[in-house]
Every structure is written in C-alpha cells, then in structure tokens.
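One structure is given here, and the rest of the page talks about it.
The values are calculated or read from the model by the stated rules, or taken from the named source; none is laboratory data. Remember, predicted model here, so these are calculated numbers, not experimental data. Heads up, the Cβs are rebuilt from the backbone with ideal geometry, glycines too, and the neighbour counts pull from every protein chain shown. Side chains included, ligands, DNA and RNA excluded: accessible areas come from the protein's heavy atoms. Shrake-Rupley method; radii C 1.70, N 1.55, O 1.52, S 1.80 Å.
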Amino acid sequence: MPLLGDEILQRPLKVACIQIASGPNKAVNIARAREKVLQAAAGGVSLVVLPECFNSPYSTARFREYAEPLSSCPDLTEAPTFAALAQVAQDAGVFLIGGSIPECDQAGKIYNTCAVYSPQGKLLASHRKMHLFDINIPGGMSFRESDTLSSGNEITIVDLEGYGKIGIGICYDMRFAELSTIAARKGAFALVFPSAFNTTTGPLHWELLGRSRAVDNQVYSILCSQSRATPPSYPAWGYSMVSDPMGRIVAGAKESEDIIYATLEPGVIRESRQAIPISYQKRYDVYPDIGKLV
Ligand SMILES: NC(=O)CC(=O)C(=O)O
C-alpha cells in the first residue's frame with residue numbers, strides 16, 4: 001500500500017453525491033436522475049454518484065420488472081436506464097457511478113448492479129452487489145435480497161483516468177471490511193458505495209461504517225443514499241456523506257433530497273498516512289496479508 005496520497009490520487013477531485021428517492025415510474029426515475037446529474041455537473045464536479053436502486057422501488061418483489069441487460073438477457077433487449085446513464089455521463093462530461101439497478105444476465109438471473117461510465121459515455125466497469133442484504137431484526141427491518149437476486153463474485157476497482165483508482169461496493173457490501181481493504185491495498189484512493197440503508201440500521205451503523213472504512217484504509221469513503229420516502233415505500237435512511245481518511249465528515253446530507261459536494265485532496269491522504277502509518281505497522285507476520293489473498 002503506498003504511503004503517500006499523491007501516488008494514488010493524482011490531483012484534487014470534486015465529487016457530487018445525489019440523494020434522491022425512486023418511485024414506481026421507471027421513466028420518471030431515469031429523468032430525475034438525469035436532471036440531477038446535469039445540475040451537479042454544472043457545479044464543476046468531475047465525479048457524480050447516484051444511489052442504490054434508483055430506477056425502481058427497493059423491493060425484492062419488483063426487481064425483475066425493472067431489470068435490464070448490460071450485455072444480454074433471454075427476455076429483455078431494451079436497456080433504457082443503462083443507455084440514459086451513458087448519455088448523461090457524456091452530456092455532463094463527468095465520470096458517473098450509476099448508483100445501481102436490477103441487471104439481468106444471459107441466464108436470466110438478476111443482480112443488483114452498479115455501472116460506471118467515463119465522461120465520454122463509455123462503460124468502464126460494472127459491480128454486482130457481492131453481499132446480499134438478507135437480515136431480520138425483530139421489530140425492525142426484515143429484507144431478503146436473495147429471494148430474487150444473485151450475488152456478484154468480484155471486487156471492482158475502476159481507473160478514473162487522470163485521477164487514480166476507486167473501489168466500488170453496493171450498500172451491504174460496506175459491512176464486509178475485506179472488500180474495502182483489498183480495494184485500498186490495490187491502490188484505490190476512495191471507496192464508493194451507492195446505498196439505501198434504512199431507519200432501523202441507518203442510525204446504528206451508517207455513519208460508523210462510512211467513517212470506519214475510510215479510517216481503516218486511509219482513503220475517502222463516499223456513501224450515496226436514497227432520500228427518505230414515505231411508507232409503504234422502503235424507509236431509506238438518507239444522510240449521504242463523504243468521509244476523509246481521518247474519519248472527518250467533509251460533506252453530509254440530512255434525510256431529504258439533496259446534492260452534496262466534496263473535493264478529495266491528495267494532501268489529506270498523504271498527511272493521514274504520514275501521521276499514522278498503519279499500512280507499515282500491519283502485522284502480516286502474524287495475520288495473512290489480505291492483499292495477497294486475491
Ligand atoms: N440496503 C442494504 O443493502 C444494506 C442495509 O440497509 C444495511 O446494511 O443496513
């Protein structure tokens with residue numbers, strides 16, 4: 001893991017995180033996302049992030065209905081959301097982390113997938129949620145993504161040309177520290193999580209996990225949530241946030257619709273790594289080097 005931030009983040013990067021809620025009308029969800037990406041880009045940003053499941057209700061029963069192929073799918077040929085993401089990345093001239101949407105593969109399986117586009121509208125990478133959100137908190141939140149979704153099997157690191165590399169996870173993926181640590185040890189300067197925590201787990205773990213992943217790895221973390229919706233919709237937590245490598249929240253939203261902005265600075269990564277050089281203090285003689293396990 002490099003000590004100095006300059007090596008991993010080549011120059012300051014202005015990012016925006018769009019906190020919006022999705023509804024049942026897919027075309028409206030796509031149009032709202034486009035409008036907000038263009039609005040954020042007008043603020044001079046180079047990287048824009050959308051939240052998890054922004055083209056559909058966050059509901060296991062509805063995912064198939066909203067799914068689209070990224071390459072091919074037996075019953076579906078149209079991919080209006082992926083096409084709109086590519087187009088708006090190009091129109092806005094930004095790197096776009098396209099939140100996530102249900103993706104259908106050639107076998108007809110559905111994934112919760114984040115597509116990443118270049119400022120020219122080229123698909124740079126896609127991440128399929130690796131850890132499915134299957135929980136049951138009595139009196140709180142119950143959810144079983146595995147009822148309809150399949151899990152991805154790859155850690156996704158994307159090169160944003162001219163800046164450096166970022167690691168991508170989707171929401172529940174942030175609870176699994178290994179994914180973040182592997183991305184950081186492979187040189188990512190930021191970990192980006194399109195998300196939709198909820199009113200049970202959000203107050204307990206959202207900020208804690210966002211700041212922890214940043215501090216563990218001395219990188220920026222970017223958590224981009226859906227905004228709070230009214231019942232019976234999924235009660236997304238909101239509170240999108242950017243944490244710096246010291247765990248300071250440098251941009252944050254409340255629960256309602258918002259766009260937050262932050263500038264990621266190489267010097268902040270460098271200073272945190274010089275001051276607290278944990279990457280050199282790790283005891284790989286005692287525990288295995290996680291970066292060498294992949
Ligand atoms: N929605 C998720 O994937 C995760 C979540 O809400 C949580 O971990 O809590």
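Subtracting the Cα-Cα distance of L293 and E65 from their residue separation scaled by 0.36 nm leaves 78.3 nm.
Overall, the ratio between the Cα radius of gyration of segment 13-292 and 2.2 N^0.38 Å, rounded to two decimals, is 0.95. The label-point distance for A125 and F176, in a model that sets each label 7 Å from Cα toward Cβ, rounds to 1.6 nm.
Within the chain, antiparallel bridges make up roughly 65 percent of the DSSP beta bridges whose residues both belong there. The average projected area of segment 154-203, computed from the convex hull of its Cα atoms over all directions, is 3.8 nm². Taking a sphere under 10 Å around the Cβ of S195 and counting the other residues whose Cβ falls inside, with K and R at +1 and D and E at -1, yields a net charge of -2.
Computed from phi, the 3J(HN,Hα) profile of segment 140-149 under the Karplus parametrisation 6.51, -1.76, 1.60 (θ = phi - 60°) reads x, 9, 10, 7, 9, 4, 5, 4, 10, 9 Hz, with x in place of Gly and Pro.
Do you know the relative contact order of the chain, to the nearest whole percent, from alpha carbon pairs under 8 angstrom that are 6+ apart? If you can, show how the numbers build up before the last one.
On the way: 736 pairs, mean separation 61.5, N = 294.
Dividing the mean separation by the residue count of the chain yields 21 percent.
In the chain, taking the dipole from charged Cβ atoms about the Cα centre, the farthest positive-side position among P69, I259, Y111 is held by I259. Ranked by the mean number of other Cβ atoms within 10 Å per residue, highest first, peptides 274-286, 253-265 order as 253-265, 274-286.
Seen from M174, the other residues with C-beta closer than 13 Å to its C-beta sum to a net charge of -1, counting Lys and Arg as +1 and Asp and Glu as -1. Here's how it looks for V250: its modeled amide H is under 5 Å from those of V242, S243, D244, which are all 5 or more places away or on a different chain.
Can you work out the FRET efficiency for the pair K14 and Q39, with r the C-beta to C-beta distance and R0 = 22 Å, to the nearest 0.05? Don't skip to the answer; put the middle values down first.
Working: r = 14 Å, r/R0 = 0.64.
Efficiency computed from Cβ-Cβ geometry: 0.95.
Only lysines eight or more places from K122 in sequence, or on another chain, were considered; those with a Cα closer than 21 Å are K14, K36, K165.
Let me check I've understood the local charge: for A42, count other residues with C-beta under 15 angstrom from its C-beta, Lys and Arg +1, Asp and Glu -1. What total comes out? Write out the running numbers ahead of the final one.
Numbers: positive: K14, R34, K36; negative: E35, D91.
My count for the surroundings of A42 gives +1.
Note that segment 41-53 has calculated 3J(HN,Hα) couplings of 5, 5, x, x, 8, 10, 9, 10, 10, 9, x, 5, 6 Hz, one per residue in order, obtained from phi through the Karplus relation 6.51 cos²θ - 1.76 cosθ + 1.60 (θ = phi - 60°); glycine and proline are x. To the nearest Å, what is the center-to-center distance of segment 46-65 and segment 266-280, using C-alpha atoms only? Segment 46-65 and segment 266-280 have Cα centres separated by 35 Å.
For segment 124-139, 3J(HN,Hα) computed residue by residue from phi via the Karplus equation (6.51, -1.76, 1.60; θ = phi - 60°) reads 8, 6, 9, 10, 9, 3, 7, 10, 7, 7, 10, 9, 8, 9, x, x Hz, glycine and proline entered as x.
Rolling a 1.4 Å probe over the heavy atoms of the protein chains gives segment 13-292 an accessible area of 40 Å² per residue.
Need the list of lysines near K109 for cross-linking: C-alpha distance under 23 angstrom, and skip anything on the same chain fewer than eight residues off. By straight Cα distance, K109 reaches K26, K129. Amide H to amide H, with H built 1.01 Å from N, A21 comes under 5 Å of S227, counting only residues 5 or more places away or on other chains.
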